[in-house]
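A.B. asks: Please read through the structure below; I'll follow up with questions.
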Amino acid sequence: MLQYFKWAQRGMMEAVDLYYALRPQPVPDQASLDRCKIVSHRGEHDNRRVLENTFAAFDPLIEHRVWGLECDVRWTKDLVPVVFHDADLQRLMGRKQHLQALTAAQLRKDFPEIPFLEELLQRYEGKVHYMVELKEELYPRPDYQSQVLEALFASLQPKQDFHFISLRPELFKHVSFVPSDALLNVAEANVAEMSEHALVEALGGVTGHFLLLNQQVHLNHIQRGQSLGTGFIKSKACLFRELNREVEWIFSNHALKLQRIIDQASARN
């Protein structure tokens with residue numbers, strides 16, 4: 001039943017994407033094109049030749065001047081933060097094992113393509129903006145883990161160099177070393193709840209599906225000095241739609257394609 005629901009949901013989202021892809025949009029003005037902040041969702045990947053959340057997925061973003069990357073952070077058994085989306089290794093690595101059951105040394109030996117967060121931050125510092133998603137999982141030593149994160153991000157400036165994002169706002173307590181406006185809620189169907197929380201807690205804004213984050217939601221946040229990020233954009237028409245309504249961050253699984261569209265539109269102006 002759950003799998004059927006996922007298929008139905010995916011089909012509905014594809015239909016929405018197609019609808020907006022076929023609706024022509026005016027080319028944004030040059031100022032909007034210049035301000036465009038494309039965020040690559042887990043890098044440029046197909047999970048066959050190139051796996052998500054790996055250097056192979058992220059390196060092309062730097063070459064093509066994509067503004068930002070979104071990555072996921074989880075913890076090993078010995079509390080080393082690593083860049084990985086799922087709680088277990090089955091989907092991407094084919095092993096029925098939880099990531100938190102492995103030490104950092106074991107993970108590096110068996111799955112060397114999974115980056116440590118420290119490596120990621122050092123590799124791209126000053127070259128890209130980090131949208132770092134905190135995943136829901138156990139924090140067995142929360143004070144220590146918070147200190148680890150604080151040390152890793154010490155050379156970076158919140159908001160300027162990175163934001164923390166999450167589907168679970170309660171996880172932001174683990175990154176209390178950054179100001180609240182460097183935090184972004186990720187909304188699913190619960191847009192009203194996540195939007196209200198972001199406003200009350202003076203966060204930096206909220207991200208979510210472009211259809212659900214409508215103009216009223218956008219206005220509510222703009223009036224409070226906050227911003228929106230929308231995803232997952234994959235067509236020129238939808239990209240131009242979001243830029244024309246002054247969405248701050250454009251999340252996409254097709255970041256290189258969108259960056260080429262921006263570059264071509266700028267060249268014609």
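The values are calculated or read from the model by the stated rules, or taken from the named source; none is laboratory data. Small disclaimer: the values here were computed from a predicted structure and weren't measured. Cβ: placed from backbone, ideal geometry, glycine included. Neighbour counts: every protein chain shown.
A.B. asks: Looking only at segment 206-252, count every residue that is within 23 Å of A265 (Cα to Cα), in a loop (DSSP other than H, G, I, E, B) and either of a type outside the set (F, W, Y) or without any contact (Cβ under 8 Å) to a residue 40 or more places away in the chain (or both) and tell me the total.
C.D. replies: Looking only at that region, the number is 7.
A.B. asks: Being β-branched (V, I, T), surrounded by 23 or more Cβ atoms within 10 Å (Cβ to Cβ) and either modelled with pLDDT of 95 or more or in a helix (DSSP H, G or I) (or both) is the requirement here; does I261 meet it?
C.D. replies: Details: β-branched (V, I, T): yes; surrounded by 23 or more Cβ atoms within 10 Å (Cβ to Cβ): no; either modelled with pLDDT of 95 or more or in a helix (DSSP H, G or I) (or both): yes.
Against the criterion (β-branched (V, I, T), surrounded by 23 or more Cβ atoms within 10 Å (Cβ to Cβ) and either modelled with pLDDT of 95 or more or in a helix (DSSP H, G or I) (or both)), I261 does not qualify.
A.B. asks: If you check every pair at least six apart or on different chains, which have Cβ atoms under 9 Å apart with a residue in segment 85-110 that is in contact (Cβ under 8 Å) with a residue 12 or more places away in the chain and closer than 19 Å to E133 by Cα first and a residue that is exposed (fewer than 15 other Cβ atoms within 10 Å of the Cβ) and among the basic types (K, R) second?
C.D. replies: Sorted first by the residue in segment 85-110, then by its partner, the pairs are H85/R91; L89/R95; L89/K96.
A.B. asks: Assuming L256 fulfils every condition listed in (1) more than 16 Å from S40 (Cβ to Cβ); (2) surrounded by fewer than 21 Cβ atoms within 10 Å (Cβ to Cβ) apart from one, which condition is it?
C.D. replies: It fails just one condition, (1).
A.B. asks: Given the structure, is P24 farther than 21 Å from L149 by Cα, modelled with pLDDT under 95 and of a type outside the set (D, E)?
C.D. replies: So P24 passes the test.
A.B. asks: When you look at N185, is it closer than 22 Å to S40 by Cβ, modelled with pLDDT of 95 or more and surrounded by fewer than 16 Cβ atoms within 10 Å (Cβ to Cβ), yes or no?
C.D. replies: Spelling it out, it is not the case that N185 is closer than 22 Å to S40 by Cβ, modelled with pLDDT of 95 or more and surrounded by fewer than 16 Cβ atoms within 10 Å (Cβ to Cβ).
A.B. asks: So, in segment 203-226, of the ones that are polar (S, T, N, Q) and crowded, with 20+ Cβ neighbours inside 10 Å, which residue ends up nearest to H41 (Cα to Cα)?
C.D. replies: Restricting to residues being polar (S, T, N, Q) and crowded, with 20+ Cβ neighbours inside 10 Å, the top hit is T207.
A.B. asks: Further question: Looking at segment 181-191, can you tell me whether even one residue there is part of a loop (DSSP other than H, G, I, E, B), polar (S, T, N, Q) and touching a strand residue (DSSP E or B) at 6+ places or on another chain (Cβ under 8 Å)?
C.D. replies: No; the residues of segment 181-191 include none that is part of a loop (DSSP other than H, G, I, E, B), polar (S, T, N, Q) and touching a strand residue (DSSP E or B) at 6+ places or on another chain (Cβ under 8 Å).
A.B. asks: What are the residues in segment 189-236 that are small (G, A, S) and touching a Ser or Thr at 6+ places or on another chain (Cβ under 8 Å), if any?
C.D. replies: Residues satisfying the conditions are A202, G204, G205, G208, G229, G231.
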